[in-house]
Amino acid sequence: MVLPLEFLQQFKASDFPDPQEYEAWRSRNLKLLEAGLLLHPLVPLNKSDSSAQRLRQIIRGAYDRPLETGKNSESMQSLRTSVMSLAGRSHDGTSDGCHWADGFPLNLHLYQMLVEACFDNDEGTVVDEIDEVMELLKKTWVILGINEMLHNLCFTWALFNHFVMSGQVDIELLSAAENQLAEIAKDAKTTKDPNYCKVLSSTLSSIMGWTEKRLLAYHETFNTSNIESMQGIVSIGVSAARVLVEDISHEYRRRRKEETDVARSRVETYIRSSLRTAFAQRMEEADSKRSSRNPTPVLSILAKDIGDLAIKEKNLYSPILKTWHPLASGVAVATLHSCYGNELKQFVAGLTELTPDTVQVLKSADKLEKDLVNIAVEDSVDSDDGGKSLIREMPPYEAENAIANLVKVWIKERVDRLKGWVDRNLKQETWNPGANRENFAPSSVEMLRVIGETLDAFFELPIPIHPALLPDLTTGLDRSLQLYVSKAKSGCGTRNSFMPQLPPLTRCEVGSKLLFKKKEKPQNLQVRVSQNGTTNGNDPLGLPQLCVRLNTLQYIRGELENLEKKIKTCLRNVESAQADITDGLDIKFELCQAACQEGIQQICETTAYKVTFYDLGHVLWDTLYVGDTATNRVEVLLRELDPVLETISGMVHNKVRNRAITALMKATFDGFLLVLLAGGPLRAFTRQDSQVIEDDFRALRDLYLADGDGLPEELVDKASSQVKNVLPLFRADSESLIERFKRMMVESNRSASKNRLPLPPTTGHWSPNEPNTVLRVLCYRSDETATKFLKKTYNLPKKI
């Protein structure tokens, strides 16, 4: 430490060409004395040391009043005395020699300057004579108190520093620094010297600070032109971190049992940080890319950019980072998945309707997610858990669910609109037979047109999940069609609306002529008619209007097949469909199909029973067999039925025409039988009338057979079987009928006996084996035997 003193004594201002250079030289030597003898002395100073106090005053004073060097002045003498006193101290108290350098870390700084001799001043590379220089450096170790561990630390820092100063292009310097750092890692495990640890911590912290500044945003730092330096920089940064944590950190030693992988942890931090930074940059870029010329939604642009970023990460950076983290690609894509997911979540939260932009964003998100997950899965094949931990980090975007929910809202709006349309239009529907040539309601044509447009609009939606959402739409349309069909048949009533209420049972007055006075109306059966049952030309339940309703349901039923074909064709044409998408798809409008089937049946029956019991009630109840059986026969009914059959044949669609006529046939057969069994007290039959009745029923059957041009004979036979079974009762004598009745009553009723018979209930199931049917034949039998039996057994009146 006396060298600076000697310099100050030997050189004066005139020895320097520039006064400023002289001032800098003098200041530097004073600072060196201050550092070596006052700030970092070999032997700690006592606060009361007079030499130290005096030297401190001289140095401070020299800054205010420049010290005159190169002369044997009083100030120089005072400086010399103080310096020599402090420079000659030793641990054992002797002062027979001076030190080249005093305490730590001044000697280390001096050695660091000597290490610079290993490098070329101009190029910054290691000199060719490095081995000779190293030998010279080792000779200073004793003088400066340096050992191999400190040398390794200094040389590592020098190599690293020159790499940085070279613009990070000299990979050999980086590689040498990396190798030296491996030696430092070994050294750090063998010593706990506080001075060494302090310098080690400071040096490695500086190295780690520089590397992390670049690695925490390595997408900005490295590209294809300088990627070769990334391996070494990561290695140095990770190695520095490992030494700092494992060999210096007390907390790490306390938690060592947890086996923390420092390298993996640091690299994961680099990956996540850099990807988040890169994502934020891509977000800004995507926002700036959207314009009137490029109207693509920001999140769609971003999704593509992030997909490209993920591929670049996988191909360029991950192969390097896998050295320290086996799932480098997986961690990267999981980070990107999370970043994009946060943006998408905000986007989805604000959605209220399905727009092209919305669909485009959600499709882009779905594609991005699949790409990211594929990379993660590929990266995790050989991991311990097969990548489950990474996949758990990537909760699904559920973009398809978001699309599905929006499409379901769209479907609901369309279906609700269609239901409202059905309600409004059917209130105005008149079922006018002249509206079109096919005689079906115009509203049905319009409704099917709206349904067709709805299907077209659905398949035009730019969504990838048409097949999955199609059932929601078809179900909604099916219900709308069912609603139309239900309203079309509502208000028509049912067969029971026109079935007559049967009159009380009476017995015949034998021997009297059943003629009523000219002004007296026959007491015909009361028919239950719905409130819509009017008789004017606009009657919604008139025969032509009922035919239109019938045709409308048949038209809708026929169009269902066309709708199903249209849907299958559209499905094959959408981009989301697979080649065989329609093979296993069962597209059925089951609700509407069933409603049409039921509605056609109901309207056929309603039409038949209305015509029979209401429109032709004056013939059936007021004329047929009233008074004289032979006089008021079935011909008048047949004449009235002819125009009805012509109307049905001319108006009703051929696929349901026979059903309508069959229903009319069954209704007229029921009416014919009701006249015989419940025609009221104005009718009475003898056994001889049975031939007339049988002939009349045969004529009624022939009307529907129409000489082979009408209904199939087996169908007519089946419908007439009930009447045919009952007619033989009218040919039987009263005694056998009474015995037959008594026997059936005793067999069917335990409390009954031949002397005491309860009145059998009216079931409406007319049959020769049903007591009420036989009883009714006796009620309308015009002979003494029947009348006396009814009077004695049930005390039935002759008149109502």
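List the residues, sorted by chain then number, that are 5 or more residues from residue 685 or on another chain and whose placed amide H is less than 5 Å from its amide H.
Under 5 Å from the amide H of residue 685 lie the amide H atoms of 781, 782, each far enough along the sequence or on another chain.
Can you tell me what percent of all Cα-Cα pairs in region 394-440 are more than 15 Å apart?
Here the tail beyond 15 Å accounts for 67 percent of pairs.
Note the angle between two axes, namely the Cα long axis of helix 635-651 and the longest principal axis of the Cα atoms of the chain, as a number of degrees from 0 to 90, rounded to the nearest 10.
30
Search the structure for amide H atoms under 5 Å from the amide H of residue 103, placed 1.01 Å from N in the peptide plane, and list their residues when 5 or more places away or on another chain.
42
Pop out the ³J(HN,Hα) list for region 76-90 in order, Karplus 6.51 cos²θ - 1.76 cosθ + 1.60 with θ = phi - 60°, rounded to Hz; leave Gly and Pro as x.
In residue order, the calculated couplings are 5, 5, 4, 4, 4, 4, 5, 5, 5, 5, 7, 6, x, 6, 9 Hz.
With no solvent and one point per C-alpha, what does the Debye sum give as log10 I(q)/I(0) for region 107-201 at q = 0.16, 0.18 Å⁻¹?
Result of the Debye calculation: -0.67, -0.84.
Can you check what the Kirkwood hydrodynamic radius comes to for region 362-500, Cα pairs only, in Å to one decimal?
It works out to 19.2 Å.
Would you calculate the separation in nanometres between label points at residue 374 and residue 724, each defined as 7 Å from the Cα along the Cα-to-beta-carbon direction?
Output for this residue pair reads 7.5 nm.
Can you order the peptides 61-71, 353-363 by their average number of other Cβ atoms within 10 Å per residue, highest first?
Most protected by this proxy first, the peptides run 353-363, 61-71.
How would you order 598-607, 684-693 from highest to lowest mean count of nearby Cβ atoms within 10 Å?
Averaged packing, sorted descending, gives the order 598-607, 684-693.
Residue separation times 0.36 nm, minus the C-alpha to C-alpha distance between residue 195 and residue 273: what's the value?
Stretched fully, the residue 195-residue 273 segment lengthens by 24.7 nm.
At a probe radius of 1.4 Å, what is the per-residue accessible area of residue 546, in Å² to the nearest 10?
0
Where does each of 164-173, 129-138 land if you order them by average Cβ count within 10 Å, highest first?
164-173, 129-138
Go through (i) 29.7, 93; (ii) 56.2, 179; (iii) 66.9, 244 and flag the label whose value is the computed Rg and Dmax of the Cα atoms in Å for this structure.
(ii)
How many angstrom lie between the Cα centre of region 695-730 and the Cα centre of region 322-359?
Using only Cα atoms, the two centres lie 78 Å from each other.
Fully extended, how many nm does the chain gain between residue 28 and residue 453 (0.36 nm per residue separation, minus their Cα-Cα distance)?
Gain on extension, residue 28 to residue 453, equals 143.8 nm.
What FRET efficiency, computed as 1/(1 + (r/R0)^6) with R0 = 35 Å and r the Cβ-Cβ distance, is obtained for residue 346 and residue 568, rounded to the nearest 0.05?
FRET efficiency, residue 346 to residue 568: 0.35.
Enter the per residue convex hull volume of region 1-59, computed from alpha-carbon coordinates, in Å³ rounded to the nearest integer.
Spelled out: Cα convex hull of region 1-59, divided by residues, is 78 Å³.
Give the calculated FRET efficiency between residue 223 and residue 287 to the nearest 0.05, with a Förster radius of 25 Å applied to their Cβ-Cβ distance.
0.60
Rounded to the nearest 0.05, what FRET efficiency do residue 639 and residue 691 give with R0 = 22 Å and r taken as the Cβ-Cβ distance? Could you check?
Efficiency, from the Cβ-Cβ distance: 0.50.
List every residue whose amide H lies under 5 Å from the amide H of residue 119, counting only residues 5 or more places away in sequence or on a different chain, with H placed 1.01 Å from N in the peptide plane.
127
With every atom except the alpha carbons ignored, what do you get for Rg and Dmax of region 293-378, in angstroms?
14.4, 48
Would you work out if region 729-800 is rounded, prolate or oblate? Take a ≥ b ≥ c from the square roots of the eigenvalues of the alpha-carbon gyration tensor; rounded if a/c is under 1.5, else prolate when a/b is larger than b/c, oblate otherwise.
rounded
Gain in length, residue 166 to residue 183, computed as 0.36 nm per residue apart minus the alpha-carbon separation, to one decimal in nm?
Answer, rounded to one decimal: 3.8 nm.
Rounded to whole Hz and in sequence order, give me ³J(HN,Hα) for region 212-228 from the Karplus expression 6.51 cos²θ - 1.76 cosθ + 1.60, θ = phi - 60°, writing x for Gly and Pro.
Ordered by residue, 3J(HN,Hα) equals 5, 4, 8, 7, 6, 9, 5, 5, 7, 7, 10, 9, 4, 7, 10, 4, 5 Hz.
For region 418-520, compute Rh as the Kirkwood radius over C-alpha pairs and then the Stokes-Einstein diffusion coefficient at 37 °C and 0.692 mPa s; write the answer in µm²/s, rounded to an integer.
176
For the chain, take the longest principal axis of its alpha carbons; what is the angle in degrees between that and the long axis of helix 654-678, to the nearest 10 within 0 to 90?
50
The values are calculated or read from the model by the stated rules, or taken from the named source; none is laboratory data. Note that the structure is a prediction, hence the values are computed from the model and not measured. With ideal geometry, Cβ positions are generated from the backbone for all residues, glycine too; neighbour counts draw on all protein chains shown. Ligands, DNA and RNA are stripped out before the accessible areas are found, and what is left, the full protein with its side chains, is counted by its heavy atoms. Shrake-Rupley method; radii C 1.70, N 1.55, O 1.52, S 1.80 Å.
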